[in-house]
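Below is one structure; the comments refer to it alone.
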Amino acid sequence: MVEFETISTQNKQSVLGIYQKIYLGDCDLNALSDMMDRPPHIGFCGYTDNELVGFISANHVVDELDIIELGVISEFRRRGIAHKFLIYLQHYCVNQNIKKIFLEVAENNAAAIGLYEKTGFSKIGARKNYYSRKGTLIDGLTYCWNSIR
Ligand SMILES: CC(C)(COP(=O)(O)OP(=O)(O)OC[C@H]1O[C@@H](n2cnc3c(N)ncnc32)[C@H](O)[C@@H]1OP(=O)(O)O)[C@@H](O)C(=O)NCCC(=O)NCCS
């Protein structure tokens, strides 16, 4: 069971706290924090038994969304929580008349790729050396979900 809440000034610091936990501190906290303060941002966090377990963060431009981050704390993984976040976001898009969701994922992130493919996203492109992780360049894959089939 996951209860969803919109990311707001009330819960933003807690969300940034689990963001650091999810990436073991290897993340740009200020960049995400600034992005969350800007109007195109829309995000949801999720609670299980009152514990904050994950979040999804996106930018909304006209009739499209770009997912910026999606993460679940390690103790709560493989329970279908990230899948629930994406289904929740897809329903939000249908209700808001948002037609497409885009995202980039590192080509070596098998967990995330499996998740997106399970949730109806299709691969539409690749970006050479899109990510730099600890001095290693990794290709990015672009995925898209269409609300109109
Ligand atoms: C990717 C992530 C969000 C998945 O969260 P999760 O709640 O564990 O995912 P779910 O339990 O909803 O899994 C849904 C599907 O994703 C895939 N998946 C999830 N974790 C996986 C893993 N470790 N290995 C392979 N496939 C995996 C599977 O297809 C799974 O479906 P299944 O359980 O029927 O096999 C989580 O591992 C995470 O936070 N990782 C670190 C941050 C990150 O990489 N975010 C994505 C940025 S693009």
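Selection over segment 115-130 of residues that are open to solvent by 40 Å² or more (accessible area, probe 1.4 Å) and either closer than 19 Å to VAL72 by Cβ or within 12 Å of the ligand (Cβ to nearest atom) (or both) gives a count of 3. Filtered by the rule that a residue be in a helix (DSSP H, G or I) and surrounded by 11 or more Cβ atoms within 10 Å (Cβ to Cβ), segment 19-53 gives TYR19, GLN20, LYS21, ILE22, LEU29, LEU32, SER33, ASP34, MET35, MET36.
Results for (1) out of contact with any strand residue (DSSP E or B) (no Cβ under 8 Å at 6 or more places or on another chain); (2) modelled with pLDDT of 95 or more; (3) under 23 Å from SER33 (Cβ atoms); (4) basic (Lys, Arg), shown as yes or no for each residue.
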residue: ASP66; (1), (2), (3), (4): no, yes, yes, no
residue: LYS84; (1), (2), (3), (4): no, yes, no, yes
residue: THR119; (1), (2), (3), (4): no, yes, no, no
residue: TYR131; (1), (2), (3), (4): no, no, yes, no
residue: LYS134; (1), (2), (3), (4): yes, no, yes, yes
residue: ILE148; (1), (2), (3), (4): yes, no, no, no
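Residue count for segment 90-133 under the criterion of being basic (Lys, Arg) and touching a residue at least 24 places away in the same chain (Cβ under 8 Å): the result is 4.
Of all residues in segment 74-112, which are within 10 Å of the ligand (Cβ to nearest atom) and open to solvent by less than 30 Å² (accessible area, probe 1.4 Å)? Selection gives PHE76, ILE81, ALA82, PHE85, LEU86, LEU103, VAL105, ALA106, ALA112. I'd like the residue in segment 1-10 that is farther than 12 Å from SER57 by Cβ and touching a residue at least 24 places away in the same chain (Cβ under 8 Å) and, out of all such residues, is most open to solvent (accessible area, probe 1.4 Å). That would be MET1. Do the conditions hold for PHE102, that is, is it in a strand (DSSP E or B), modelled with pLDDT of 95 or more and out of contact with any helix residue (DSSP H, G or I) (no Cβ under 7 Å at 6 or more places or on another chain)? Yes: the conditions hold for PHE102.
On inspection, GLN13 passes the criterion of being part of a helix (DSSP H, G or I) and surrounded by fewer than 13 Cβ atoms within 10 Å (Cβ to Cβ). You will find that of GLY46, GLY54, GLY114, the residue that is at pLDDT 95 or above and farther than 21 Å from GLU5 by Cα is GLY114 and no other. Kindly indicate the residue of segment 59-73 that is more than 8 Å from the ligand (Cβ to nearest atom) and either in contact with a helix residue (DSSP H, G or I) (Cβ under 8 Å, 6 or more places away or on another chain) or among the hydrophobic types (A, V, I, L, M, F, W, C) (or both) and also least open to solvent (accessible area, probe 1.4 Å) among those meeting that condition. Looking at the filtered set, the residue picked out is LEU65. In this entry, ILE56 passes the filter for residues that are open to solvent by less than 40 Å² (accessible area, probe 1.4 Å), assigned to a strand (DSSP E or B) and either within 12 Å of the ligand (Cβ to nearest atom) or not acidic (Asp, Glu) (or both).
The values are calculated or read from the model by the stated rules, or taken from the named source; none is laboratory data. Model, not experiment: these values are computed from the prediction. Here Cβ is always computed from backbone atoms with ideal geometry, including for glycine, and neighbour counts include all displayed protein chains. For accessibility, only protein heavy atoms count, side chains too; no ligands or nucleic acids. Shrake-Rupley method; radii C 1.70, N 1.55, O 1.52, S 1.80 Å.
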